[in-house]
Amino acid sequence: MTTAGPALAADGTFLWIGPQGKAYALDSPPERKCLDMAQEARAARNATKKPLVVYSQKKCKGSALRLAPGHSAPGGTRFASVIFNPR
């Protein structure tokens, strides 16, 4: 019998701007899992303790922009998916 350990999470918060300029936040996002955005997303801000990569297309494809902890993408930079602490 094996037991699962705790899920890995990127401590901190991931922030972005959605439709009509509304701010969104995701606390302690899962590591190494591609997350597709459900709607328009731009201006990613990495307030986690791990690096992340935002992608121009869903399923973590297309142009990639890596953000170190504490860094933000330019305000107009749109993205469709994100992965935290990629390999």
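Miscellaneous remarks
- With the simple model of a label 7 Å out from the Cα in the direction of the Cβ, L15 to K59 spans 3.3 nm.
- Whole-Hz ³J(HN,Hα) from phi, Karplus 6.51 cos²θ - 1.76 cosθ + 1.60, for region 14-27, glycine and proline x: 9, 10, 7, 9, x, x, 6, x, 6, 7, 10, 9, 10, 8
- Short to long, the 10 Å bins of the Cα pair-distance histogram for the chain hold 19, 54, 20, 6, 1, 0 percent of all pairs.
The numbers here are math on the coordinates, done by the rules we state, and not lab data. Please read these numbers as outputs of a predicted model, since none were measured by experiment. In this analysis, Cβ positions are derived from the backbone assuming ideal geometry, glycine residues included, and neighbour counts consider all displayed protein chains.
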